[in-house]
Amino acid sequence: MKKIKFSLLLLYFVSSNIFSQHYADFFNNDACRVDFHFCGNATHTLVYVNKVKRESFWGGRRYHLSTTMNLGDFRFQIVDSLSNKLIYVDGFSALFHEWQTTPEALHTSKSFEQSIQFPFPKSAVTLIIEKRLDLDHWQQLFRLNLSPTDKLIRHNILRSIPVKVIRKTAPPENAIDIAVVAEGYTSRQISKFYTDVHRLTDNILSHEPFTKYKDRINIYAIAAPSEDAGISMPQNNDWKNTAVESHFFTFYEPRYLTTTRIFKLRDYAALVPYDAIYVLANTKTYGGGGIYNFYALTAADNKLATQVTVHEFGHSFAGLADEYFYDQDVLDNTYDIKKEPWEPNITSLVQFDCKWKAELPLGIKIPTPVTDSTKTKIGVFEGGGYLKKGMYRAFYDCRMRTNQAPEFCKVCRQAIEKRIQFLTEK
Ligand SMILES: [Zn+2]
């Protein structure tokens with residue numbers, strides 16, 4: 001308990017120091033992107049840089065630059081070389097990190113593309129990449145000294161890619177900017193892509209708290225052309241040439257639809273200012289994926305696309321965990337129940353104080369039994385994060401648990417609202 005109080009105090013100290021820091025003191029109006037490879041296996045994580053790019057737009061936040069919401073399996077810090085001051089920090093997760101929990105990672109080493117983006121610095125900085133050990137502790141993986149005048153920082157952009165503004169309600173610095181990238185649409189299917197973007201982003205905006213903040217949400221459609229229509233399905237030996245080479249059967253899971261071509265994806269997203277990337281896949285087959293501060297991906301034409309679109313955005317935008325679990329005992333080592341997960345909507349009860357404990361009514365039973373009267377109330381329901389035992393969620397049902405749930409539960413809504421405010425408010 002003492003340890004928690006101490007780290008909270010430290011965080012407050014760092015935060016109060018930073019609120020006086022102005023964006024313009026350290027950064028230009030464009031973005032700096034660092035492409036790297038996560039390499040390793042189940043037990044080793046290494047970082048190797050691929051390239052550094054200067055991009056035309058910075059769509060991210062301009063306030064709270066050196067504070068974090070403590071989300072993500074990794075974080076990066078930007079330190080001003082002259083003053084040694086922390087001037088920017090952000091959390092993120094990675095497909096590589098998910099792969100590290102698969103059986104394949106026990107006997108094979110692989111590399112995965114990853115990119116991070118931050119405002120372009122005016123002076124020399126150091127980039128530090130760290131891996132989360134638990135809720136409050138980090139391990140340094142990598143350091144890179146960056147000079148903004150380095151002639152090898154690339155500044156090439158894709159040309160001739162059609163971009164359409166779907167909605168623009170506020171300037172990027174006061175808005176959540178979502179870059180929706182076409183995947184598996186041929187150049188003849190651009191108008192279908194725009195129609196799909198309208199339909200599926202309307203679904204996001206129809207869910208609270210996105211509805212409440214819809215005057216702060218900008219959406220851009222980037223019509224990345226694919227040679228083939230549709231999406232690769234390795235389980236059927238069906239491989240297609242598509243814009244970001246996404247496919248089903250990720251980690252041999254039939255419905256897990258992802259792309260590993262992150263550098264390509266970021267090149268498309270760079271055509272607009274963005275806080276979040278959404279890949280819209282031109283297929284009827286059920287599937288998708290969403291990873292915090294990385295991207296979300298959904299099958300546009302599946303009959304459950306409405307629900308899946310919003311669910312995956314819950315992962316990628318707000319760092320929400322899956323609240324579902326398997327009734328049979330499935331060996332899943334995504335979460336260690338001896339540690340508190342960083343995701344706001346599940347708890348192992350190890351550091352429950354930092355989750356929804358304060359909102360519980362007096363005398364609530366843990367675990368909360370499922371009855372007609374508890375089903376709609378806040379509680380501590382056992383099962384979540386793929387685990388039947390030892391992991392808990394706040395409500396019986398939620399958009400992060402089933403496709404039948406009508407909306408996000410209150411804890412998820414609060415987490416999304418906090419994220420919107422963090423990115424758009426002073
Ligand atoms: Zn929830």
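Want the number for Thr102 to Lys192: 0.36 nm per residue separation, take away the alpha-carbon distance, what's left?
Values: separation 90, 0.36 × 90 = 32.40 nm, distance 3.64 nm.
Here the segment from Thr102 to Lys192 would lengthen by 28.8 nm.
Listed as lacking a disulfide-compatible partner in the chain: Cys32, Cys39, Cys354, Cys412, by the criterion of no other cysteine Cβ under 4.7 Å.
The length gained by stretching the chain between Lys284 and Lys122 to full extension, at 0.36 nm per residue less their Cα-Cα distance, is 53.7 nm.
From least to most packed, judged by other beta carbons within 10 angstrom and beginning with the fewest, Met400, Met391 follow the order Met391, Met400.
Would you mind classifying the range 11-146 by shape? Square roots of the alpha carbon gyration tensor eigenvalues, ordered a ≥ b ≥ c; an a/c under 1.5 is rounded, otherwise it is prolate if a/b is larger than b/c and oblate if not. In terms of gyration-tensor shape, prolate.
Length gain on complete extension for the stretch Tyr324 to Asp150, per 0.36 nm per residue less the alpha carbon to alpha carbon distance? Intermediate results must be reported in sequence, preceding the final value.
On the way: separation 174, 0.36 × 174 = 62.64 nm, distance 4.74 nm.
Working it through step by step, the gained length comes to 57.9 nm.
For the range 325-401, rounded, prolate or oblate, judged on the Cα gyration tensor with a ≥ b ≥ c (square roots of eigenvalues), a/c < 1.5 rounded, else prolate if a/b > b/c? Walk me through the intermediate numbers first.
Details: a/c = 1.89, a/b = 1.26, b/c = 1.51.
Because a/c hits 1.5 or more and a/b fails to exceed b/c, the range 325-401 counts as oblate.
Decide, for the range 260-342, between rounded, prolate and oblate: order the square roots of the alpha carbon gyration tensor eigenvalues as a ≥ b ≥ c, take rounded if a/c falls under 1.5, and otherwise choose prolate if a/b is larger than b/c, else oblate.
Working: a/c = 2.32, a/b = 1.42, b/c = 1.63.
Judged from the Cα gyration tensor, the range 260-342 comes out oblate (a/c at least 1.5, b/c at or above a/b).
Spacing of the modelled spin labels on Ser83 and Gln139, each 7 Å from Cα toward Cβ, amounts to 3.3 nm.
Per residue, the convex hull around the alpha carbon atoms of the chain comes to 145 Å³.
Report the one residue of Cys32, Leu205, Phe142 whose Cα lies farthest in the direction of the positive end of the charge dipole of the chain (charges on C-beta: Lys and Arg +1, Asp and Glu -1; origin at the Cα centre). Checked the options; the winner is Cys32. Listing Tyr335, Tyr286 from fewest to most neighbouring C-beta atoms within 10 Å gives Tyr286, Tyr335. Secondary-structure-derived ellipticity at 222 nm for the chain, considering helices only, amounts to -5500 deg cm²/dmol, per-run term -39500 (n - 2.57) for DSSP H runs with n ≥ 4. Pairs with C-alpha atoms separated by more than 29 Å, drawn from the list Lys131/Lys303; Lys338/Lys365; Lys214/Lys303; Lys212/Lys375; Lys110/Lys303, are Lys131/Lys303; Lys110/Lys303. If you find the alpha carbon centre of the range 212-284 and of the range 361-412, how far apart are they in angstrom? Cα centroid to Cα centroid, the span is 31 Å.
Peptides 226-234, 44-52 ranked from most to least packed give 226-234, 44-52, packing being the mean of other C-beta atoms within 10 angstrom over each peptide's residues. Quick one: among Ser115, Ser316, Ser206, which has the greatest mean-square fluctuation in a GNM of the chain with alpha-carbon springs under 10 angstrom? Checking each option, the largest mean-square fluctuation is seen for Ser206. Label-to-label distance for Ser111 and Asp301 is 3.6 nm, based on points extended 7 Å past Cα in the beta-carbon direction.
Of Cys354, Cys398, how do they rank once you tally other Cβ atoms within 10 Å and put the fewest first?
Arranged by neighbour count, lowest to highest, Cys354, Cys398 become Cys354, Cys398.
Taking the Cα centre of the range 324-393 as origin, work out the dipole magnitude from +1 charges on Lys and Arg Cβ and -1 charges on Asp and Glu Cβ, in debye rounded to 20. Spell out each step's value before the answer.
Details: 10 positive and 10 negative charges, 40 e Å.
Dipole magnitude for the range 324-393 comes out near 200 debye.
Comparing Ser109, Ser373, Ser56, which has the greatest mean-square fluctuation in the GNM of the chain with Cα pairs linked when under 10 Å apart? For the chain, modelled as a Gaussian network with Cα springs under 10 Å, the answer is Ser373.
Quick note: the coordinates plus some simple rules give every number you see, no bench work behind them. A quick note: this is a predicted structure, and the numbers were derived from the prediction, not measured. All Cβ positions, glycine included, derive from the backbone under ideal geometry; neighbour counts span all protein chains shown.
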